[in-house]
Amino acid sequence: MAVAALLAGCGDGSVDVDSFKVSASGHQACPALIGSLPSRVAGQPRRHTSGSTYAAAWGKDAIVLRCGVGRPKNYDRFAAC
């Protein structure tokens, strides 16, 4: 199953997401996930992304979701936030 990672970014226009390797399962699962994401996260509106069709972003200081990537090292440390 694809794992999503949340990252912080910045800017007001399109959010440019650096290319990243997507898992085989991500190539199958991510289009449906990306298509079903909400128009707002934490009260922030969704923004256009460039650089990857496997990413979505919300807000001025962008909250970025990258779909199809592995679980980050130290994930459990951040999960408690």
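If you average over every viewing direction, what projected area does the convex hull of the Cα atoms of the range 14-81 give, in nm²?
With the hull built on Cα positions only, its mean projection is 5.1 nm².
For LYS73 and ARG46, what is the calculated FRET efficiency with R₀ set at 22 Å and r taken between the beta-carbons, to the nearest 0.05?
With a Förster radius of 22 Å, E is 0.20.
Of ARG47, ARG66, which has the most accessible area and how do the rest follow, probe 1.4 Å?
Reading off the accessible areas and sorting them downward yields ARG66, ARG47.
Under 5 Å between amide hydrogens, which residues at least 5 positions from ARG47 or on another chain qualify, with H placed 1.01 Å from N in the peptide plane?
Close amide H contacts, sequence-distant or interchain: ALA57, TRP58, GLY59.
The values are calculated or read from the model by the stated rules, or taken from the named source; none is laboratory data. The shown structure was predicted, so the numbers you read here are calculated from the model rather than taken from an experiment. Cβ: placed from backbone, ideal geometry, glycine included. Neighbour counts: every protein chain shown. Each accessible area value is taken on the protein alone, full model and side chains, heavy atoms only, with ligands, DNA and RNA left out. Shrake-Rupley method; radii C 1.70, N 1.55, O 1.52, S 1.80 Å.
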